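Here is the structure we will look at, set down as structure tokens.
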Amino acid sequence: MLALVLRENSFQIESLPKPILGEGEVLVKISYAALNHRDQWIREGKYPKIVFPCVLGSDGVGEVVDVYNNENNYWLNKKVIINPNINWGLNNYVQDKNYHILGMPTYGTLAEYLKVNVDRLVIKPDYLSLEEAAAIPLAGLTAWNAVFNKGALAPEKKILVSGVGGGVAQFAFLFANAINSSVYVSSSKNSVLEKCIALGAKEGINYTIENNLKNKAKEIGGFDVIVDSAGGDQINDLLTCLKPNGKLVFYGATLGAPNKLNVALMFWNHLSLIGSTMGSDQDFLTMIDFINKHQIKPILDETFSLDNAIAAFDKMKSGNQFGKIIIKI
Ligand SMILES: NC(=O)c1ccc[n+]([C@@H]2O[C@H](COP(=O)([O-])OP(=O)(O)OC[C@H]3O[C@@H](n4cnc5c(N)ncnc54)[C@H](OP(=O)(O)O)[C@@H]3O)[C@@H](O)[C@H]2O)c1
């Protein structure tokens, strides 16, 4: 089978043996995969514990073409979305020590075939195209946990989705919009803000213009919840944009760690700074039900062929996408 293989000194399409199934496993013929920034971080060597060679890709949809155990025959020919959690464990709040994400070290979805345990499968909702469904897993799950479990977002609350051009952030925006909370979005790109407003955002704020965010927060009395993946020193600015008792949930640190933290502002205003990573297997199922119930359509940027997947990675690195970058396998 063909797969995009990352080795220490190469990143190219190679022919690999088709996976051999073991107890509890099924074989999925992948039709579409989607990229996450994680894939690009690994490609750049900026991710912990990289194991070579590896096949990247945490997001995928496809059709089940083989099962190891006859009792799993139900899944044959079904179109499925793959849960990218491996070994989350039984605690809904925190992952197990041996947790990892599909797509390194376990071979991922940027390949013609993938073997996974049968308990990783969820039936693809009918109303979604295969490409739309492929966009959901990692980014959707991360946004779900950040917005609802950690942020405790409710319809009457005001949320700021920071850097809404990002893959996770777009799901945070779509989820918050679906429950009719007041959704404010920020981006470095006015074109992204305009698209979000057309999709139901209350207001868009360009975060590259100094004091824009702070002024908006002052005008509306602050946000109840902010979700962010940039981190860095600007966390302090975001904290000033919260209402008393507000929550700043972060799931990434693209700008690195902050050099300082305004702890006095935090304790005086009862602010919470909450870290969040992915979500449990139960969260994955609840999220897919929610997406189905609200008929949420992921925002797609562009679809690349597997042959041209490196160009897709380059686009993710450039940050010029709006919506998920899809790979047709
Ligand atoms: N912990 C987890 O489980 C988890 C899961 C997924 C992702 N992550 C991490 O979260 C980050 C985003 O991942 P992704 O896959 O969504 O990446 P992505 O699609 O490449 O999104 C990156 C976005 O970050 C935004 N950004 C950059 N600088 C910013 C700043 N100064 N302030 C606010 N926003 C800024 C940009 O938004 P605009 O284009 O709108 O300006 C950009 O589009 C990465 O660091 C990733 O590793 C963590």
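We did not get these values from a lab; they are worked out from the coordinates using the rules stated. What you are looking at is a predicted structure, and each value in this text was computed from that prediction instead of being measured. Using ideal geometry, Cβ is built from the backbone for each residue, glycine included, and neighbour counts are taken over all protein chains shown.
Exposure proxy shown here: for F304, F52, F171, F267, the number of other Cβ atoms within 10 Å sets the order, fewest to most, as F267, F52, F304, F171. Looking at the chain, the DSSP beta bridges with both ends there are about 55 percent antiparallel. For the chain, the average shadow cast by the Cα convex hull is 16.4 nm², which is a quarter of the hull's surface.
Would you please give the FRET efficiency between N117 and T303, computed as 1/(1 + (r/R0)^6) with r the Cβ-Cβ distance and R0 = 25 Å, to the nearest 0.05? Walk me through the numbers on the way to the answer.
Numbers: r = 28 Å, r/R0 = 1.12.
The pair N117/T303 has a calculated efficiency of 0.35.
What ranking of L248, L261 emerges when the number of other C-beta atoms within 10 Å of each C-beta is taken as an exposure proxy, fewest first? Don't jump to the answer; show the numbers that get you there.
Numbers: L248 23, L261 14.
Arranged by neighbour count, lowest to highest, L248, L261 become L261, L248.
Distance from the C-alpha centroid of region 273-288 to that of region 80-140: 12 Å, rounded to the whole angstrom.
Take I13, I81 and order them by how many other Cβ atoms sit within 10 Å, fewest up front.
Going from least to most buried by this count: I13, I81.
Partners of K18 within straight-line reach, counting lysines whose Cα lies under 27 Å from its Cα and excluding those fewer than 8 residues away in the same chain: K29, K49, K78, K79, K115, K124, K328. Along region 262-276 the Karplus relation, 6.51 cos²θ - 1.76 cosθ + 1.60 evaluated at θ = phi - 60°, assigns HN-Hα couplings of 7, 5, 5, 4, 5, 6, 5, 9, 6, 8, 10, 10, 10, x, 8 Hz to successive residues, with x for each Gly and Pro. Region 207-227 and region 1-77 have Cα centres lying 41 Å from one another.
Working from the pairwise distances between different alpha carbons, so that the mean of 1/r is found and then inverted, what is region 34-122's Kirkwood radius in Å? Walk me through the numbers before you get to the answer.
Working: mean 1/r = 0.0708 Å⁻¹.
In region 34-122 this quantity evaluates to 14.1 Å.
Overall shape: rounded for region 140-275, with the ratio a/c of the largest to smallest alpha carbon gyration tensor axis below 1.5. Between amide H atoms placed 1.01 Å from N, distances below 5 Å from D301 occur with K324, I325, I326, all of them 5 or more places distant or on a separate chain.
Per-residue Karplus couplings for region 144-156, computed as 6.51 cos²θ - 1.76 cosθ + 1.60 with θ equal to phi - 60°, are listed in order as 4, 5, 5, 6, 9, 6, 8, x, 6, 5, 9, x, 7 Hz, Gly and Pro entered as x. Determine, from the Cβ-Cβ distance of Q12 and L76 and an R0 of 35 Å, the FRET efficiency 1/(1 + (r/R0)^6), rounded to the nearest 0.05. The computed FRET efficiency comes out at 0.60.
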